[in-house]
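A.B. asks: Here it is, the structure in full.
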Amino acid sequence: MQSTLLENHDRARNVRIIMWLFLGLFLAEMLVIIYESSILNGNDSFLDAPYETEMHDIARAILAIAHFALLIMGAVFFVRWMARAFENYERAGGVSLFTKSAVQWAFFIPFINLYRPYKVVNEFWQGMQDQIFKETGKLPDYNNWLI
């Protein structure tokens, strides 16, 4: 058992940044859709400028590429964060039913990714609450609504 925990704050910060970028991209996509619906509802001024339709299509393509890139980056950053959390859990003395690679693959394998990530995170949570109880004497909170 190793007693020093590895730094995980930067990885958590990266995941939060990706989530905020997703929110910003979602808002940009909503604005494009609102503009598109105004066109479909009879805003004929759009048809007067021939390059506007092409620019609208390019904007939609750029947003789709950005969405896909953020999705891939978000998955990578999130799994790296969870892998470090798992490693810290083991360094803190936690015993897991899962291996490090099983934790990482649990997010990508179809059908397993519907229930295994919940089990992994729940195990982390309960194990870390037990560790906190051992160190501080504070009762663990197993009824956390996030889990």
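A.B. asks: Using a 10 angstrom cutoff on alpha carbons, build the Gaussian network for the chain and name the most mobile of ILE18, ILE72, ILE33.
C.D. replies: Maximum fluctuation in the GNM of the chain, among the listed residues, is at ILE33.
A.B. asks: Roughly how big is segment 83-145's charge dipole about its Cα centre, with Cβ charges of +1 (Lys, Arg) and -1 (Asp, Glu), in debye to the nearest 20?
C.D. replies: 120 debye
A.B. asks: For segment 83-99, take each phi angle, set θ = phi - 60°, evaluate the Karplus expression 6.51 cos²θ - 1.76 cosθ + 1.60, and give the result in whole Hz per residue in order, putting x for glycine and proline.
C.D. replies: Taking θ as phi minus 60°, the curve returns 5, 5, 4, 5, 5, 5, 4, 5, 5, 7, x, x, 10, 10, 7, 10, 8 Hz for segment 83-99.
A.B. asks: If the cut-off is a Cα-Cα distance under 16 Å, which aspartates and glutamates reach LYS134, setting aside same-chain residues fewer than 8 apart in sequence?
C.D. replies: Once the sequence-local aspartates and glutamates are set aside, what remains near LYS134 is GLU90.
A.B. asks: Let me ask something else about it. To the nearest 10 Å², what's ASP10's accessible area with a 1.4 Å probe?
C.D. replies: 80 Å²
A.B. asks: Could you provide, to the nearest whole Å², the per residue accessible area of the chain with probe 1.4 Å?
C.D. replies: Spelled out: the 1.4 Å probe surface of the chain, per residue, equals 72 Å².
A.B. asks: With unit charges on the beta carbon (Lys/Arg positive, Asp/Glu negative), name the residue among PHE86, ILE112, GLY127 whose Cα is farthest towards the positive pole of the charge dipole of segment 81-132.
C.D. replies: Positive-most Cα among the choices belongs to ILE112.
A.B. asks: Could you give the length gained by full extension between LEU70 and MET55, i.e. 0.36 nm per residue of separation minus their alpha carbon distance, to one decimal place?
C.D. replies: My answer for the length gained is 3.2 nm.
A.B. asks: Continuing with the same structure: Cα axis of helix 9-40 to longest principal axis of the chain: angle in degrees, 0 to 90, nearest 10?
C.D. replies: It works out to around 20 degrees.
A.B. asks: Given +1 on the Cβ of Lys and Arg, -1 on the Cβ of Asp and Glu, and no further charges, what dipole in debye does the chain carry about its Cα centre, rounded to the nearest 20?
C.D. replies: That gives a dipole near 960 debye.
A.B. asks: Under 20 Å Cα to Cα from LYS119, which lysines show up? Leave out anything in the same chain fewer than 8 places away.
C.D. replies: LYS100
A.B. asks: I've got another one for you. Select one label from (1) -0.46, -1.31; (2) -0.28, -1.47; (3) -0.57, -1.08: the one whose number is log10 I(q)/I(0) by the Debye sum over Cα atoms at q = 0.09, 0.21 Å⁻¹ as derived from the coordinates shown.
C.D. replies: Given (1) -0.46, -1.31; (2) -0.28, -1.47; (3) -0.57, -1.08, the structure-derived one carries the label (1).
A.B. asks: HN-Hα J couplings of segment 59-65 from phi, Karplus 6.51/-1.76/1.60, θ = phi - 60°, integer Hz, Gly and Pro as x?
C.D. replies: Calculated HN-Hα couplings, in order: 4, 5, 5, 4, 5, 5, 5 Hz.
A.B. asks: Separate question: With all protein chains present, how much of the accessible area of the chain (probe radius 1.4 Å) comes from carbon and sulfur, to the nearest whole percent?
C.D. replies: That fraction is 66 percent.
The values are calculated or read from the model by the stated rules, or taken from the named source; none is laboratory data. Keep in mind that this is a model prediction, so the values were computed, not measured. All Cβ positions, glycine included, derive from the backbone under ideal geometry; neighbour counts span all protein chains shown. Remember, those area values only see protein heavy atoms, side chains included, never the ligands or the DNA or RNA. Shrake-Rupley method; radii C 1.70, N 1.55, O 1.52, S 1.80 Å.
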